[in-house]
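To start, the structure itself, in structure tokens.
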2 protein chains.
Amino acid sequence: MTLVKNSAVEAMAEAAPQPVHEQVYHALRERVLFGDLAPGEAVTIQGLAQSLPAGMTPVREAIRRLISEGALQFLGNRRVIVPQLTLADLEQLVFVRKSIEPELTRRAVSAIEPALINRLHGLDTALDHAISRGDVPAYLAQNYRFHATLYACAGAPVLAEMADRLWLRFGPSLRVVCGRFGTQNLPDRHKDLLAALARADTEAAATAMVQDIEQGMEQIAAVLADSP
Amino acid sequence: MTLVKNSAVEAMAEAAPQPVHEQVYHALRERVLFGDLAPGEAVTIQGLAQSLPAGMTPVREAIRRLISEGALQFLGNRRVIVPQLTLADLEQLVFVRKSIEPELTRRAVSAIEPALINRLHGLDTALDHAISRGDVPAYLAQNYRFHATLYACAGAPVLAEMADRLWLRFGPSLRVVCGRFGTQNLPDRHKDLLAALARADTEAAATAMVQDIEQGMEQIAAVLADSP
DNA sequence: GGCGCGAGAATATGATCAAATTATCCGCTG
DNA sequence: CAGCGGATAATTTGATCATATTCTCGCGCC
């Protein structure tokens, strides 16, 4: 464990800037997004309340919230696990992704700024490095950041939030894909996308996004097809 | 020696099969959907904990869940209100509704059964009665039930759940529309929709749904345009 | 193999602490 | 002397925790 207990510090005037349940939520969220938790893995309140420096109530809230976002699954008998996608789930996720994310891309093109393109370039090269190193967690994190950064600039918070939720759903499965196939032949349509963004070509950008989505989702479908 | 509880058990014969936080969640959810709570109205934990028979923790959980679904809004300074839609929010909601709900309609057509059509007919006549009575809450409830029933038969739980969330967002505003204009000239494309369903005409059903969405959303846009 | 028993985990309560809004008061200024 | 502004007190509400209760599951026993 790399977590350091600093409760003594917290007791001092150094007050928590964010409420505990928010911190727990973000910590858990990242674990789900970047594959620290495997599909099917159980999540217990008391376990987290002891591993993290937090009581049961904040942990409870964070878990509830993630359940309602589809990042965790409530089994009805008081048990909570990381959900295992079915092919039917995945097909619906693909449909919604292809509805929302190209639209976010289009809107981002309209509001594009040079500084944003630079940031995206930086994220993409970091992503390439992660791929060549075979660093799966870094790949997942950079890939997510690339998309999230782009969507945040679309000026459409409702759509961006929905896209975020979709990523929470297939995050754990993406991790499984990488564990199976490695990072070498993962899709990276970001080059096409960046080129289209640079010349403000709305439809080319949307098309590149569709292809990025299709490639990523097909990898997951392939894994799901033979290990249900 | 654990056989103590006897008469008390009988008194609780219809004991809660569902946990309290679930009951609170559903109660609040309906209040939001059907306009018992107005946009901008404040929601307090302790207030609900006393008005409902529940403690603070279950109420807290339910509120957190509704916040994450967009049915309530967290103001950052620990205060929770029923959100007031902006025109920008509404535009994005319309986009997603028009992406998802026609698709749900198409899928429902494929899996349609006579029994379902009968149920939908029943809901629609109940809706007509509510309109002619000017019974706004009943109109809202029946309208929601009509759509929810249709979507539940599409065999696409992920999509149906997303549609449900969208309804939670514009529910309070729909109530305002009815309060302003009454129920008389509200859209009811359900007749076209039912006819298309009866003859399994997929595209006609989807088109009718798009028109139903557009009409309803335009009413909200009209109200939002002059009273923000 | 079915049935009760016990361990462990989730649910729910009330108390306690902290934060924020509201109300009040005092001094200052016109 | 009256009205106003800012600071402080009081109330309301949220956040967290420790604890009690209830439920589920696994294990041994009949």
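Can you confirm whether segment B:13-20 contains a residue that is at pLDDT 90 or above and within 9 Å of DNA strand C (Cβ to nearest atom)? Even if it seems obvious, please write down each step before you answer.
Here is the first cut: in segment B:13-20, the ones at pLDDT 90 or above are B:20.
In the following step, the residues that additionally are within 9 Å of DNA strand C (Cβ to nearest atom) were identified as B:20.
For segment B:13-20, residues at pLDDT 90 or above and within 9 Å of DNA strand C (Cβ to nearest atom): present.
When we screen B:GLN92, B:GLN84 for residues that are assigned to a loop (DSSP other than H, G, I, E, B) and either in contact (Cβ under 8 Å) with a residue 24 or more places away in the chain or in the same structural domain as B:ASP192 (by TED's automatic domain parsing) (or both), the only hit is B:GLN84.
Screening B:ALA111 against (1) of a type outside the set (Val, Ile, Thr); (2) touching a residue at least 24 places away in the same chain (Cβ under 8 Å); (3) within 11 Å of chain A (Cβ to nearest Cβ); (4) over 24 Å from B:GLY35 (Cβ atoms) leaves a single unmet condition, (3).
Candidates are the residues of segment A:42-56 that are in a helix (DSSP H, G or I) and either of a type in the set (A, V, I, L, M) or within 14 Å of chain B (Cβ to nearest Cβ) (or both); the one that is nearest to DNA strand D (Cβ to nearest atom) is A:MET56.
Can you find a residue in segment B:151-160 that is touching a residue at least 60 places away in the same chain (Cβ under 8 Å), more than 18 Å from the chain's Cα centre (by Cα) and facing chain A (nearest Cβ under 10 Å)? No: segment B:151-160 contains no residue that is touching a residue at least 60 places away in the same chain (Cβ under 8 Å), more than 18 Å from the chain's Cα centre (by Cα) and facing chain A (nearest Cβ under 10 Å).
Rundown of residues vs (1) outside the structural domain of B:GLY70 (by TED's automatic domain parsing); (2) within 28 Å of A:LYS98 (Cα to Cα); (3) not aliphatic (A, V, I, L, M), yes/no style:
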residue: B:HIS121; (1), (2), (3): yes, no, yes
residue: B:ASP124; (1), (2), (3): yes, no, yes
residue: B:PHE146; (1), (2), (3): yes, yes, yes
residue: B:ASN185; (1), (2), (3): yes, no, yes
residue: B:ALA200; (1), (2), (3): yes, yes, no
residue: B:GLU203; (1), (2), (3): yes, yes, yes
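Scanning segment B:105-139 for residues that are of a type in the set (Asp, Glu) and buried (at least 17 other Cβ atoms within 10 Å of the Cβ) yields a single hit, B:ASP124.
Could you count how many residues in segment A:19-31 are within 14 Å of another protein chain (Cβ to nearest Cβ) and either surrounded by 19 or more Cβ atoms within 10 Å (Cβ to Cβ) or among the charged types (D, E, K, R) (or both)? Please lay out each step first, then the result.
At the first step, the residues of segment A:19-31 found to be within 14 Å of another protein chain (Cβ to nearest Cβ) are A:19-22, A:24-26, A:28-29.
The next check asks that each one be either surrounded by 19 or more Cβ atoms within 10 Å (Cβ to Cβ) or among the charged types (D, E, K, R) (or both); those that pass are A:21-22, A:24-25, A:28-29.
Total satisfying the criteria: 6.
A residue that is of a type in the set (Lys, Arg) and surrounded by 21 or more Cβ atoms within 10 Å (Cβ to Cβ) can be found somewhere in segment B:173-196. In segment B:57-93, the qualifying residues are those that are within 9 Å of DNA strand D (Cβ to nearest atom) and under 17 Å from B:PRO172 (Cα atoms), and the one that is farthest from the other protein chains (Cβ to nearest Cβ) is B:VAL80. Residues considered: A:THR125, A:THR105. Of these, the only one that is away from chain B (no Cβ under 14 Å), away from DNA strand C (no atom under 16 Å from the Cβ) and polar (S, T, N, Q) is A:THR125. Just wondering, is there one or more residues in segment B:62-72 that are without any contact (Cβ under 8 Å) to a residue 12 or more places away in the chain and within 20 Å of B:VAL32 (Cα to Cα)? Scanning segment B:62-72 turns up at least one residue that is without any contact (Cβ under 8 Å) to a residue 12 or more places away in the chain and within 20 Å of B:VAL32 (Cα to Cα).
The values are calculated or read from the model by the stated rules, or taken from the named source; none is laboratory data. Note that this is a predicted model, so its numbers are computed, not measured. Virtual Cβ from ideal backbone geometry, glycine too; neighbours counted across all protein chains shown.
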